[in-house]
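All remarks here apply to the structure that follows.
The values are calculated or read from the model by the stated rules, or taken from the named source; none is laboratory data. If you're wondering where the values come from, they're calculated on a predicted model, not measured in any experiment. Note: ideal-geometry Cβ built from the backbone for every residue, glycine included; neighbour counts use all protein chains shown. When the accessible area is computed, the model is the full protein with side chains, heavy atoms only, and any ligands, DNA or RNA have been set aside. Shrake-Rupley method; radii C 1.70, N 1.55, O 1.52, S 1.80 Å.
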Amino acid sequence: MESSEGASTGELAEGVSYSVTTRDGADGVPVVNIKLTMTPEAKARWTMSAAYEEKGETHPDTLTAAYELAEVLWRQGSADEAVELFRYVVAGRRAVLGQGHPDTLAATSFLARVLEELGALAEAEQLTRMVWAEHVRASGEVHPEALTSLARLARIMLGQKRAAEAEGLVRQVLAARERVLGQGHRDTLGSRNDLAGALRAQGRLEDAEWLYRQVADDAGRLFGPADPLSLDARANQAAVLAHQHRWAEAERHYQAVVDVRVRNAGAGHVDTLSAQSNLASVLHGAGKVGEAEALMRTVLEGYSRLFGADHPRTVSAMRNLAAMMHRRGNRAEAEALCRRVVAAYERRFGPGDPRTAEARANLRMVVEGGG
């Protein structure tokens with residue numbers, strides 16, 4: 001008898017594919033193997049749908065499934081749907097578990113971080129203050145979760161250009177962590193890094209550069225030079241050096257960070273792209289516009305692939321590349337990129353937002369040949 005083998009593949013639904021293989025068994029009876037494959041999003045959607053149908057929209061299992069789906073969507077760049085789901089989870093957990101329940105606070109904190117990333121800083125601040133107050137009420141002001149929330153609140157203030165307020169909060173967190181955790185604890189070093197950021201935002205560049213360097217050295221000694229905290233501090237130090245037009249030093253530090261990121265995380269990882277974006281800005285400032293442009297194109301392509309066209313990281317890369325194009329005299333491409341930035345800001349923030357107005361001003365400058 002001749003052997004009979006075959007294979008077929010197909011898609012049952014969006015994100016759900018199958019493969020079927022057949023072969024003759026030892027006794028002549030066909031052996032059929034069926035394999036189903038689901039993407040993380042499809043699996044998360046199926047889990048949430050099943051929980052919703054079986055247990056209801058506010059059951060803890062349904063809310064947990066919605067939280068996990070929101071995380072997947074956020075990582076994939078589906079920001080609007082992710083935010084909608086996070087809001088649903090927060091509202092559901094508040095109603096079922098209470099505002100101060102750890103699961104409610106975890107969801108609220110995640111929603112605040114997402115909103116911060118998207119530029120909705122006022123709401124992010126409100127939610128973070130609520131999380132901080134609940135942690136203080138439950139466990140006291142020096143509890144690790146309370147200090148973490150206070151540190152995040154300071155970061156949001158920095159984003160709102162309230163650097164003096166942010167510095168006060170950071171110093172409060174730093175003092176508590178030094179007292180409770182010690183000088184060499186990772187969280188303590190993280191607060192020193194945050195303090196350097198507050199000093200930098202107030203123009204105290206020499207103090208900030210010194211503190212960033214100390215954090216990078218200490219974290220490198222304690223945790224290794226490739227540790228994320230060491231890399232972040234080194235990148236921040238480079239940013240200060242660039243602000244002082246110390247281009248060669250800044251480029252050297254940024255290049256070292258990029259090399260480690262590529263080696264450890266891969267060329268297309270978000271942390272690698274962020275480091276490459278910073279390096280491109282330094283190259284641009286140093287007059288190496290060709291190298292800067294090529295690198296920023298890589299960053300823009302990477303962010304677009306990871307997050308989509310409207311994500312803040314993608315739009316920021318567009319804006320930076322447009323500036324480089326304009327500087328090189330390529331007004332046509334610079335104008336096209338500026339128009340994409342304006343459109344993205346109008347969709348995200350509305351036509352009356354200051355960020356949208358600034359984007360329009362940049363577009364006018366390019367169109368009119370200024371700058």
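Is it fair to say Trp46 is in a helix (DSSP H, G or I) and touching a strand residue (DSSP E or B) at 6+ places or on another chain (Cβ under 9 Å)? The answer is yes for Trp46.
Listed here are the residues, each with its yes/no results for (1) assigned to a helix (DSSP H, G or I); (2) touching a helix residue (DSSP H, G or I) at 6+ places or on another chain (Cβ under 8 Å); (3) closer than 30 Å to Gly224 by Cα.
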residue: Asp271; (1), (2), (3): yes, yes, yes
residue: Met296; (1), (2), (3): yes, yes, yes
residue: Val299; (1), (2), (3): yes, yes, yes
residue: Arg305; (1), (2), (3): yes, no, no
residue: Ala334; (1), (2), (3): yes, yes, no
residue: Leu363; (1), (2), (3): yes, yes, no
residue: Val367; (1), (2), (3): yes, yes, no
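The set of residues from segment 131-147 being within 13 Å of Ala176 (Cα to Cα) and of a type in the set (A, V, I, L, M) comprises Val142, Ala146, Leu147. Checked across segment 103-125, the condition of being open to solvent by 60 Å² or more (accessible area, probe 1.4 Å), touching a residue at least 12 places away in the same chain (Cβ under 8 Å) and closer than 30 Å to Asp217 by Cα holds for at least one residue.
Looking at segment 30-45, which of the residues that are at pLDDT 90 or above and open to solvent by 80 Å² or more (accessible area, probe 1.4 Å) is nearest to Ala7 (Cα to Cα)? For segment 30-45, the residue satisfying everything is Lys43. Would you point out which residue out of Ala226, Ala176, Ala201, Ala164 is modelled with pLDDT of 95 or more, closer than 29 Å to Leu279 by Cβ and of a type in the set (Gly, Ala, Ser)? After applying the criteria, what remains is Ala201. For Asp259, indicate whether it is charged (D, E, K, R), under 23 Å from Leu306 (Cβ atoms), part of a helix (DSSP H, G or I) and at pLDDT 95 or above. When the stated conditions are applied, Asp259 passes them.
Among residues of segment 179-193 that are closer than 19 Å to Glu167 by Cβ, those with a Cβ under 8 angstrom from a residue that is in a loop (DSSP other than H, G, I, E, B), sequence gap 6+ or separate chain, pair up as Arg179/Val142; Asp187/Leu181; Thr188/Leu181; Thr188/Gly182.
Looking across segment 306-324 at every residue that is open to solvent by less than 40 Å² (accessible area, probe 1.4 Å) and modelled with pLDDT of 90 or more, the one that is farthest from Asn362 (Cα to Cα) is identified as Thr314. Of the residues making up segment 89-102, just one is open to solvent by 60 Å² or more (accessible area, probe 1.4 Å), of a type outside the set (A, V, I, L, M, F, W, C) and either more than 22 Å from Ala51 (Cα to Cα) or touching a residue at least 24 places away in the same chain (Cβ under 8 Å) (or both), namely Gln99. Scanning segment 1-25 for residues that are over 28 Å from Ser78 (Cα atoms), modelled with pLDDT under 70 and open to solvent by 60 Å² or more (accessible area, probe 1.4 Å) returns Met1, Glu2, Ser3, Ser4, Glu5. Among the residues of segment 22-42, those identified as farther than 30 Å from Ala66 by Cβ and charged (D, E, K, R) are Arg23, Asp24, Asp27.
The number of residues in segment 64-88 being open to solvent by 60 Å² or more (accessible area, probe 1.4 Å), modelled with pLDDT under 95 and either basic (Lys, Arg) or not in a helix (DSSP H, G or I) (or both) comes to 1. Within the group Gly159, Gly197, Gly182, Gly140, which residue is on the phi < 0 side of the Ramachandran plot and surrounded by fewer than 19 Cβ atoms within 10 Å (Cβ to Cβ)? Exactly one of Gly159, Gly197, Gly182, Gly140 is on the phi < 0 side of the Ramachandran plot and surrounded by fewer than 19 Cβ atoms within 10 Å (Cβ to Cβ), namely Gly159. The residues of segment 218-227 that are open to solvent by 40 Å² or more (accessible area, probe 1.4 Å) and either within 20 Å of Arg200 (Cα to Cα) or charged (D, E, K, R) (or both) amount to a single one, Arg221. Checked against (1) open to solvent by 20 Å² or more (accessible area, probe 1.4 Å); (2) under 18 Å from the mean Cα position of the chain (by Cα), Tyr303 passes all but a single condition, namely (1). For first residues located in segment 264-284 and open to solvent by 50 Å² or more (accessible area, probe 1.4 Å), partners that are not in a helix (DSSP H, G or I) and lie 6+ apart or on another chain with Cβ distances below 8 Å form the pairs Asn264/Ala226.
Could you go through segment 171-182 and let me know if any residue there is closer than 24 Å to Asp103 by Cα and of a type outside the set (D, E, K, R). So far as segment 171-182 goes, yes, one or more of its residues are closer than 24 Å to Asp103 by Cα and of a type outside the set (D, E, K, R).
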